[in-house]
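Engineer: This structure is in structure tokens; I'll ask about it shortly.
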Amino acid sequence: MDYIYIIVPIILLFLAGIRIVRPTQKGLIERLGKYRKLAHPGFHWIIPVIDRLFYVNITEQMIDAEPQEIITNDNLNASVDAQVYFRVKSDEDSVKGSAYDVNNYQLQIVNLARTTLRNIIGTLTLKSANSERGKINTELHETLHQETKSWGIEIIRTELKQIDPPRDVQETMNKVVKAENEKIAAIDSATAAETVADGIKRAKIKEAEGFKRAKVLHAEGEAEAIKLVNEAADRYFIGNAQLLRKLEAMEMSLKSNSKIVIPTGSQVVNLIGEMAGIVPLNGITK
């Protein structure tokens, strides 16, 4: 039974030294405070008390640089926030660098990002800062990449989360945007009204042109009718010239109270009868 007192402590010692490294991690094994080796994902056993294993996350991580007030080049206090995406590189030197070359790399990245944003945005106006977000992201990424590569950190990307102007400036900008929208709406309404007016104008022009055309056609019809009447008059006038001469002679005689003799059945008698609505007598009329 004495061997139990030996086996049990050995089992407990073995169990106490078991360490499991997950696929998303790498481990740093130290012995008596000195780096010994890199622990890859899987099962590991260390000597309790003598050895220690530190876990390092090698997956992509995100930290927020936290909102801060930055004075822009046009002396406005803008509230700026950004997010930084990074990871610890998985090779041994990088894992060691993240643990031994920098104290709390996450906090250091936040402070470095905030300082870099102040330097970049401090040279820009509020308007240009909002319109050049891509440029700010690029400069922030390049600065962080250069400063953190000795820590074994890879900066994957940076995202400018917000650039908010002071409240009073924001209200003014909202009023400007509202006024601009109202202006556009007014222009659209005026354009629509102009289009309607133009349509009415063209309709009236078409109506006037139609009325004018009708008048022209009516006048042309009357002219054609007069032409036909004139042609008929010319035709009948030429055929009855002698009769007309007799009527003229009779008119002159009547004016001078002279007596004339007109034979019965004469065309002159018939014409006078038709004009007076009487029937001529048989014989000689005086």
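The values are calculated or read from the model by the stated rules, or taken from the named source; none is laboratory data. This one's a predicted model, so the numbers in the text were calculated from it and none came from an experiment. Cβ: placed from backbone, ideal geometry, glycine included. Neighbour counts: every protein chain shown.
Engineer: Can you spot a residue in the range 180-187 that is modelled with pLDDT of 85 or more and either farther than 30 Å from LEU76 by Cα or polar (S, T, N, Q) (or both)?
Structural biologist: Taking the range 180-187 first, the residues modelled with pLDDT of 85 or more are none.
No, the range 180-187 contains no residue that is modelled with pLDDT of 85 or more and either farther than 30 Å from LEU76 by Cα or polar (S, T, N, Q) (or both).
Engineer: Looking at (1) surrounded by 13 or more Cβ atoms within 10 Å (Cβ to Cβ); (2) part of a strand (DSSP E or B), can you tell me which one PRO48 breaks?
Structural biologist: (2)
Engineer: Scanning for something modelled with pLDDT under 90 and touching a strand residue (DSSP E or B) at 6+ places or on another chain (Cβ under 6 Å), does the range 47-63 turn up at least one residue?
Structural biologist: no
Engineer: Can I ask one more? In the set VAL95, VAL80, VAL56, VAL84, which member is within 18 Å of ARG36 (Cβ to Cβ), assigned to a strand (DSSP E or B) and in contact (Cβ under 8 Å) with a residue 40 or more places away in the chain? First the steps, then the outcome.
Structural biologist: Working: VAL95 fails: assigned to a strand (DSSP E or B); VAL80 fails: within 18 Å of ARG36 (Cβ to Cβ); VAL84 fails: within 18 Å of ARG36 (Cβ to Cβ).
From the options VAL95, VAL80, VAL56, VAL84, the qualifying one is VAL56.
Engineer: A follow-up question, please. What is the residue count in the range 71-106 for residues that are closer than 16 Å to ILE29 by Cα and either of a type in the set (Gly, Ala, Ser) or not assigned by TED's automatic domain parsing to the domain that holds LEU144 (or both)?
Structural biologist: Total meeting the criteria: 5.
Engineer: What pairs can you find where one residue is in the range 128-154 and not assigned by TED's automatic domain parsing to the domain that holds LYS26, the other is charged (D, E, K, R), and their Cβ atoms are less than 6 Å apart, with a gap of 6+ or different chains?
Structural biologist: Cβ pairs passing all conditions: TRP151/ASP101; GLY152/LYS89; GLU154/ARG87; GLU154/LYS89.
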